[in-house]
Amino acid sequence: MTIGQIEYENSCVQCHGPAGKGDGPMAVVLKNGAPDLTRLQADNGEVFPVSKVYALIAGDGITGAHGSQEMPAWGFRYRVNAPSMVGPFGTAEDERAFVRGRILALIDYIASLQEQ
């Protein structure tokens with residue numbers, strides 16, 4: 001199991017479902033349901049939208065600590081956890097790298113879910 005898959009199962013599967021189809025158990029309580037993550041590339045001219053997905057996960061441009069009411073900004077959780085994950089000798093750059101690494105690992109896993 002990759003770090004990205006672990007992050008997906010810990011953070012995303014409840015809404016997006018195990019295969020990323022938007023059919024997780026919490027999707028029914030969301031106003032617009034959960035998006036089908038397997039269509040991101042197909043819906044973007046067959047190019048996986050890395051920057052857009054990164055910004056959404058990181059919470060860039062989203063107000064509030066937890067993102068919108070329906071999409072939490074997981075980057076906030078990664079930033080909060082970074083100091084304990086990099087340890088007492090980690091620098092601020094180490095913490096930023098930890099956050100970027102977690103988000104990119106999650107994006108890599110989501111990219112692997114794309115329908116052909």
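Looking at the stretch 1-28, I want the residues that are more than 13 Å from LEU113 (Cα to Cα) and have a partner that is part of a helix (DSSP H, G or I) and charged (D, E, K, R) with Cβ atoms under 9 Å, at least 6 apart or on another chain. Which pairs are those?
Going by the 9 Å Cβ cut-off, the qualifying pairs are MET1/GLU9; THR2/ASP108; ILE3/ARG102; ILE3/ASP108; GLU7/ARG102; SER11/ARG77.
Name the single residue that is surrounded by the most Cβ atoms within 10 Å (Cβ to Cβ) among those in the stretch 20-77 being among the hydroxyl-bearing types (Ser, Thr, Tyr) and modelled with pLDDT under 90.
Residue satisfying both the conditions and the ranking: SER68.
Considering only residues that are over 13 Å from GLN5 (Cα atoms) and not in a helix (DSSP H, G or I), which ones fall in the stretch 91-116?
Those that are over 13 Å from GLN5 (Cα atoms) and not in a helix (DSSP H, G or I): THR91, GLN114, GLU115, GLN116.
What residue, of PRO83, PRO88, is more than 20 Å from ALA27 (Cβ to Cβ), in a loop (DSSP other than H, G, I, E, B) and at pLDDT 90 or above?
Selected residue: PRO88, the only one of PRO83, PRO88 that is more than 20 Å from ALA27 (Cβ to Cβ), in a loop (DSSP other than H, G, I, E, B) and at pLDDT 90 or above.
Does GLY4 count as under 29 Å from GLU95 (Cα atoms), small (Gly, Ala, Ser), at pLDDT 95 or above and assigned to a helix (DSSP H, G or I)?
Criteria met by GLY4.
Pick from the stretch 1-19 the residues that are surrounded by 19 or more Cβ atoms within 10 Å (Cβ to Cβ) and hydrophobic (A, V, I, L, M, F, W, C): which of them is farthest from LEU104 (Cα to Cα)?
This residue is CYS15.
The values are calculated or read from the model by the stated rules, or taken from the named source; none is laboratory data. This is a predicted model, so every value here is computed, not measured. Positions of Cβ are generated from backbone atoms using ideal geometry, with glycine treated the same way; all protein chains shown enter the neighbour counts.
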